[in-house]
Amino acid sequence: MNRRACLRAIGVVTLLIWSCGDSRGQDNPHHSPALLGVDGDVGGVHDPSIIKEDNTWYLFGTVTEKNSPGQIPIRCSKDLLHWRRCGFVFQGIPEWIQKESPKTQDLWAPDESYFNGKYHLYYAFSIFGKNTSGIALVTNKTLDPGSADYKWADEGLVFRSREEDDFNAIDPNIVIDSDGSVWMSFGSFWGGIKMRRIDPQTGKLSTKDTKLYSLAKRVRPENLPAPRPGLPDDWQAIEAPFIVRHNEYYYLFVSFDLCCRGVKSNYKTMVGRSRSVKGPYLDASGKPMVEGGGTPLLVGNERWAGPGGESILQELGRDIIVFHAYNGKTGKPRLHISTIDWTSDWPHAAFEGGNPAAPQK
């Protein structure tokens, strides 16, 4: 069964891992990445996160339409090409979040994984331009809405960021390392991408390792424009972390620059790698990502602006990256899926309208 990766055992806890999957045997330089021709309910997709259970792929994302009948929309496919809407995780914003963060209008950037016998879907709540945010958890025994076991259980808050913090608790992503330890990367603007260790039994923060690890951030440029009152500076823009393991490296994918501006979006997907899940992550030139480094993987063009909000699915014989990009004429977001080529142990992906070459060393 392909669900996000390989089986490992930690004591009595069995973990089914996707994000840590060790995808060996995919380094043939003659295999170019290919863009999949998706159709169906692929418009309006934002921050897509993908997982497979049995013979169905499930795609979770952020609401983009006004007056949505639910939160965290779900799309389903039997072949990765034809997609249909198949429900929502929540019918509305949970009551406890409405009390905790009354100005929250939508739930953002879900990430799902399977460990300790159930699916874990982490998501964020926040206010645009603020770091008074939170990451929360909901679990399920299955993703199949036709199953008698299908029921989302609200596990509540995982952790929060406050105005005085130098990080933003949004855009969660789970990775399980080669030792079976569970980690959550997260972050947007401020001090960049951070990571905390997760207790696999509870799905919440580990009480044994309470360190806040720094993985990547932007570097302050010279000759800055005047700051915008009440908002972080644009130069700080890095978010949407996603970590996978391939061969001997862990790869940190992030989105640089700005999303959510239609045709003016300049989001781009960047990547670095490390031999340890905790870093340091370096780009193809050797520059650390905590010093502003990052190698381009997906960059916008005239046809599609702002490719980002990415997630990766590692399957037997094929890895794929899913992401959103904005139509160059209408500015509306849409789902894109490309296979990944790992030539020279660096990822390469295809993008409609053209894409810069990925690193070769």
Please give the solvent-accessible surface of I321 in Å², to the nearest 10, using a probe radius of 1.4 Å with every protein chain present. 0 Å²
Would you check the accessible area of C259, probe 1.4 Å, heavy atoms only, in square angstrom rounded to 10? 30 Å²
Tell me, which longest segment in the chain has none of the GluC sites (Glu not before Pro) that fall in DSSP loops with at most 11 further Cβ atoms within 10 Å? 66-162
Counting only the heavy atoms of the protein chains, how much of H120 is accessible to a 1.4 Å probe, in Å² to the nearest 10? 0 Å²
Which aspartates and glutamates have a Cα less than 13 Å from the Cα of K329, not counting those fewer than 8 places away in the same chain? E302
Shape call for the range 66-193, from the Cα gyration tensor axes a ≥ b ≥ c (a/c under 1.5 means rounded, otherwise prolate when a/b beats b/c, else oblate), comes out oblate
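Which sequence of V263, V138 reflects their accessible areas, 1.4 Å probe, from the largest down?
V263, V138
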Each residue of the range 197-207 in turn: what ³J(HN,Hα) in whole Hz from Karplus with 6.51, -1.76, 1.60 and θ = phi - 60°, glycine and Pro shown as x? 7, 10, 7, x, 6, 9, x, 9, 4, 5, 9
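Give the ranking of W235, W304 by solvent-accessible surface, highest area first, calculated with a 1.4 Å probe.
Details: W235 60, W304 15 Å².
Of W235, W304, the descending order of accessible area is W235, W304.
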Tabulate in residue order the Karplus-calculated ³J(HN,Hα) for the range 72-85, using 6.51 cos²θ - 1.76 cosθ + 1.60 with θ = phi - 60°, rounded to whole Hz; enter x for Gly and Pro. 6, x, 10, 10, 10, 8, 9, 9, 6, 9, 9, 10, 9, 5
If the only charges are +1 at each Lys and Arg Cβ and -1 at each Asp and Glu Cβ, what is the size of the charge dipole of the chain around the Cα centre, to the nearest 20 debye? 240 debye
If you stretched the chain out fully between D166 and K78, how much longer would it get, using 0.36 nm times the residue separation minus the C-alpha to C-alpha distance? 27.5 nm
Residue of D345, D233, D149 that the Gaussian network model of the chain assigns the largest fluctuation, springs spanning Cα pairs under 10 Å: D149
With the label point 7 Å along the Cα-to-beta-carbon line of D234 and a cut-off under 16 Å to each amide N, the hits in the range 115-139 are 129
Along Cα→Cβ, 7 Å out, is where each label goes; now give me the distance between the ones at K151 and I127 in nm to one decimal. 3.6 nm
Relative contact order as a percentage, the chain, C-alpha pairs under 8 Å and 6+ apart, gives 17 percent
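At a Förster radius of 25 Å, what calculated FRET efficiency corresponds to the Cβ-Cβ distance of K103 and R220, to the nearest 0.05?
Values: r = 29 Å, r/R0 = 1.15.
It comes out at approximately 0.30.
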Hey, which of these cross-link pairs are over 20 Å Cα-Cα: K52/K78; K217/K278; K264/K287? K264/K287
Principal axes first, then extents: for the Cα atoms of the chain, list largest minus smallest coordinate on each axis, whole Å, largest first. 54, 51, 44
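With every protein chain left in place, what is the accessible area per residue of the range 178-295 in square angstrom, probe 1.4 Å?
Details: 5120 Å² over 118 residues.
Accessible area per residue, the range 178-295: 43 Å².
Quantify, in whole percent, the carbon and sulfur part of the accessible surface of the range 115-202 (1.4 Å probe; protein heavy atoms only). Mind showing how you got there, number by number?
On the way: 1350 of 3080 Å².
The nonpolar share, carbon plus sulfur, comes to 44 percent.
Taking 41 Å as R0, compute the FRET efficiency from the Cβ-Cβ separation of R261 and S32 and round it to 0.05. Spell out each step's value before the answer.
Working: r = 31 Å, r/R0 = 0.76.
For R0 = 41 Å, the calculated efficiency reads 0.85.
The values are calculated or read from the model by the stated rules, or taken from the named source; none is laboratory data. The shown structure was predicted, so the numbers you read here are calculated from the model rather than taken from an experiment. Cβ atoms come from the backbone with ideal geometry, glycine included; neighbour counts cover every protein chain shown. In case anyone asks, the SASA skips ligands and DNA or RNA and just uses the protein heavy atoms, side chains included. Shrake-Rupley method; radii C 1.70, N 1.55, O 1.52, S 1.80 Å.
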